[in-house]
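The values are calculated or read from the model by the stated rules, or taken from the named source; none is laboratory data. What you see is a predicted model, and the numbers here were worked out from it, not measured in a lab. Note: ideal-geometry Cβ built from the backbone for every residue, glycine included; neighbour counts use all protein chains shown.
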Amino acid sequence: MLPNSQELWFLPLGGTGEIGMNLNLYGHSQQFIMVDCGASFQSPLDMADEHNPKAKRYDVVMPDASFIEARKDNLCAIVLTHAHEDHIGAVTEIWPNLRCPIYASAFTAEVLRRKFYQQGIYEDLPIVEVLPNMQLDIGPFTVKWLDITHSLPEPQALLIDTPLGSIFHTADWKIDYDPVIGNAFDKHKFSRLADQNILAMVCDSTNAVKEGFSTSEKACEQGLGEIISKAKGRVLVTCFASNIARLITLVRIANMTNRYVALFGRSLENMVSVARRCGIWPEDAKLTHRRHIGYLPRHEVLIIATGSQGEPRAALSRMAQNAYRDCDLDEGDTVIFSSIVIPGNEAPISKVVNLLKDRNIDVYQSETCEQTIHASGHPNREDLKQMYRWVKPAIAIPVHGEAEHMQANANAAREAGVAKQMLGFNGDLFILKPTRQIKRKFVKTGRVAIENR
Ligand SMILES: [Zn+2]
Ligand SMILES: [Zn+2]
């Protein structure tokens, strides 16, 4: 079960047919590279049933990597595209069985190192930090990192060259000409790929069912600014901790509206600390210690808190129950969900929202709010078509989505002139060369729950 020198394989073990736990293998000439190694968004509690009653005790749900663990001598490297949990969340569990080099940007590498430390793994890790436009030979593959725009620092698309053809692996992306931090989307970089006769484009499907173009991160500044400038009492904004651009936008709005900003929640403190270390956090984006916030007049307070998904232990859930040490919320305060509801989290989020509303706290959620208070990091239908027209791949391979999203992505590819689409699921082997075909259920895949250490 290894690719020979005439073959080029794409073999997803996670993330294709679902959103979460991305783990992709590319194979050629007996060798593999792994692109991303993520955890599932699924709660381990959902895995508890009569066959698996102990699932409650588990902490991480991740893909079954036993296929590549059994062939670890044929694995050249793990290449990480960005620092989201669904792309790096299983590295600390799977890498110890593989012990290969890991390639990542500085920000992703720093997030990953801290995850290893948290697990008590302090050894010298073979992490190679990469820069945009870098090109490195890894086994029979030549990998080039192409910075793209998404919803956290330093997202990378990959150009993977082999003697049999080139693959453009988009990873998570959207077209954003004003991403607040990092380089703006550069369409020329991607339209130039058309000159290289890209064999296959492996592409994010998350928002393929959404019409039009995606929203720029910059648009949140106006929407959030409008609500915060009108608010009378304290303002609490909850968002994804890794969205450093959003955090910087909030600090800027606080400066304009004369509010002090504090972070409530460990993952926010950790991400800002990583951003500082990597030189991404602006010197003038000042934060106030959370212990001081409770003493300030209510109209001078802006709290950024964890808990946008209703996580019971996060700062927002505890504040909703008036059980947070550093500060309470009162009638007339404002809570803004600068985030989306990840499918599956509807119940815990509405529990928090109801607790807040019962206490006459104003609540804004992006799904029902008139203003733009959240921008997704994934490509809508028109972003997808535009990218397909620029890159002009021979084959489109939709990934990072459920069946409906991947089908919509394939339709967008067809409409944009891509002649062939290959639709498959985790464990299916996509043979790109010598003859295009899919071997269904080539590898047994599944989910593994890991006990909290
Ligand atoms: Zn993702
Ligand atoms: Zn992502």
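Across the stretch 336-354, what is the total count of residues that are free of Cβ contacts under 8 Å to residues at least 60 places away in the same chain, in contact with a helix residue (DSSP H, G or I) (Cβ under 7 Å, 6 or more places away or on another chain) and in a loop (DSSP other than H, G, I, E, B)?
At the first step, the residues of the stretch 336-354 found to be free of Cβ contacts under 8 Å to residues at least 60 places away in the same chain are 340-341, 345-354.
Then drop every residue that is not in contact with a helix residue (DSSP H, G or I) (Cβ under 7 Å, 6 or more places away or on another chain), which leaves 341, 352.
Okay, now just the ones that are also in a loop (DSSP other than H, G, I, E, B), so 341.
Count: 1.
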Q.
With the structure loaded, tell me whether Lys357 is without any contact (Cβ under 8 Å) to a residue 12 or more places away in the chain and outside the structural domain of Gly165 (by TED's automatic domain parsing) or whether it fails that test.
A. yes
Q: Please find, within the stretch 183-230, the residue that is farthest from the chain's Cα centre (by Cα) out of those that are small (Gly, Ala, Ser) and surrounded by fewer than 21 Cβ atoms within 10 Å (Cβ to Cβ).
A: Ser229
Q: Quick one: which residue in Glu85, Glu93 is more than 20 Å from Gln31 (Cβ to Cβ), within 16 Å of ligand 2 (Cβ to nearest atom), surrounded by fewer than 23 Cβ atoms within 10 Å (Cβ to Cβ) and not basic (Lys, Arg)?
A: Glu85
Q: For the stretch 393-404, indicate whether the set of residues that are outside the structural domain of Ile244 (by TED's automatic domain parsing), within 30 Å of Thr306 (Cα to Cα) and outside any loop (DSSP other than H, G, I, E, B) is non-empty.
A: yes
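Scan the stretch 419-443 residue by residue and report those that are assigned to a loop (DSSP other than H, G, I, E, B) and within 21 Å of Gly15 (Cβ to Cβ). Outline the logic, then answer.
We begin by selecting, within the stretch 419-443, every residue assigned to a loop (DSSP other than H, G, I, E, B); these are 419, 422-428, 434-436, 440-443.
Passing the criteria: Met422, Leu423, Gly424, Phe425, Asn426, Gly427, Asp428, Arg440, Lys441, Phe442, Val443.
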Q.
Checking Leu356 against (1) buried (at least 24 other Cβ atoms within 10 Å of the Cβ); (2) away from ligand 1 (no atom under 16 Å from the Cβ): exactly one of these is not met. Which one?
A. (1)
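Filter the stretch 156-174 down to the residues that are within 16 Å of ligand 2 (Cβ to nearest atom) and part of a loop (DSSP other than H, G, I, E, B), then identify the one that is farthest from Met21 (Cα to Cα). I'd like the intermediate steps shown before the answer.
Of the residues in the stretch 156-174, the ones within 16 Å of ligand 2 (Cβ to nearest atom) are 156-158, 169-174.
Applying the additional criterion that residues be part of a loop (DSSP other than H, G, I, E, B) yields 172-173.
On the way: Asp172: 13, Trp173: 16 Å.
Top of the filtered list is Trp173.
Could you pull out the residue among Ala315, Ala245, Ala323, Ala275 that is buried (at least 19 other Cβ atoms within 10 Å of the Cβ) and under 18 Å from Arg234 (Cα atoms)? Talk me through it step by step, then tell me what you get.
Working: Ala245 fails: under 18 Å from Arg234 (Cα atoms); Ala323 fails: buried (at least 19 other Cβ atoms within 10 Å of the Cβ); Ala275 fails: under 18 Å from Arg234 (Cα atoms).
One residue alone meets the criteria, Ala315.
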**Q.** Meets criteria (touching a Pro at 6+ places or on another chain (Cβ under 8 Å) and in contact (Cβ under 8 Å) with a residue 12 or more places away in the chain) for Ala104
**A.** no
Q. Hey, does the stretch 244-260 have a residue that's assigned to a strand (DSSP E or B) and under 30 Å from Leu112 (Cβ atoms)?
A. no
Q. Among the residues of the stretch 359-379, which ones are surrounded by 22 or more Cβ atoms within 10 Å (Cβ to Cβ) and under 25 Å from Asn409 (Cα atoms)?
A. His374, Ala375, Gly377, His378, Pro379
Q. Which of the residues that make up the stretch 115-155 are within 16 Å of ligand 2 (Cβ to nearest atom), in contact with an Asp or Glu (Cβ under 6 Å, 6 or more places away or on another chain) and part of a strand (DSSP E or B)?
A. Thr149
Q) For the stretch 164-217, what are the residues that are closer than 16 Å to Met422 by Cα and within 16 Å of ligand 1 (Cβ to nearest atom)? A) His169, Thr170, Val202, Cys203, Asp204, Ser205, Ala208
Q.
Against the conditions (1) away from ligand 2 (no atom under 16 Å from the Cβ); (2) touching a helix residue (DSSP H, G or I) at 6+ places or on another chain (Cβ under 8 Å), where does His374 fall short? Just the number, please.
A. (1)
